[in-house]
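Below is one structure, written out as structure tokens, with a few remarks after it.
FYI, it's all coordinate maths here, none of it is from the lab. Just so we're clear, the structure is a prediction, and the values are computed from it rather than from any experiment. In this analysis, Cβ positions are derived from the backbone assuming ideal geometry, glycine residues included, and neighbour counts consider all displayed protein chains.
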Amino acid sequence: MGTHAAGPPADPDDEMRQMFQVEIAPDSATGVWGALALTVALGAGAWALEVYTRGSLGAWRFALVVPLVLGAAFQGFFVVLFLPVAIAAKATAPGAPRWLRFLARHAGNGFLAMLLVDLLLASLALSYPQPRPWQFYALISAAGFVGGVVVGVRRRRRRWAAWRAERGSR
């Protein structure tokens, strides 16, 4: 709480800010991108092990594949959770390049829309299991990303125009 019993009471908002503050050290970007590379390597390794040992190991191949898949899923969860936080922290830092701020602002809208579209596609695929080529799902997912970016840009332009109109009326 406070530093001394006789001092002013601690601000709970300040404590929450300190608790959930994310600081990215200059050399930690390689750690985040390394974690992303490890996730991809674990997933690709599990797939390759499953495909290339199908005939020789039979069902025993899953004793090797399952730990790799679980490791990739565990690592992937944290990469998906913390990589956007790391990018946003770099994009909002003082002196951040303009292209990084632009990318973080609009790609965030696109990824959110893509997530919503993918959740809808997953629910449809589970309720109506029909074989479809993976390109169909990739195309719909990409359309969701582009739609999210377009909606985000339009919303930002509308807010900017409203702010300019408000400032001009004074």
Distribution output for the stretch 33-91: share of Cα-Cα pairs per 5 Å bin in percent, first bin at 0, values 4, 20, 23, 17, 12, 10, 7, 4, 2, 1
Length gained if Arg101 through Gln135 is fully extended, taking 0.36 nm per residue and subtracting the Cα-Cα distance, is 9.2 nm
Ser123 and Ala59 label points (each 7 Å along its Cα→Cβ direction) are spaced in nm at 3.6
Order the peptides 51-63, 83-95 from the highest to the lowest mean number of other Cβ atoms within 10 Å of their residues.
83-95, 51-63
Quick one: net charge around Thr92, please, counting Lys, Arg +1 and Asp, Glu -1 for every other residue with C-beta under 11 Å from its C-beta.
+3
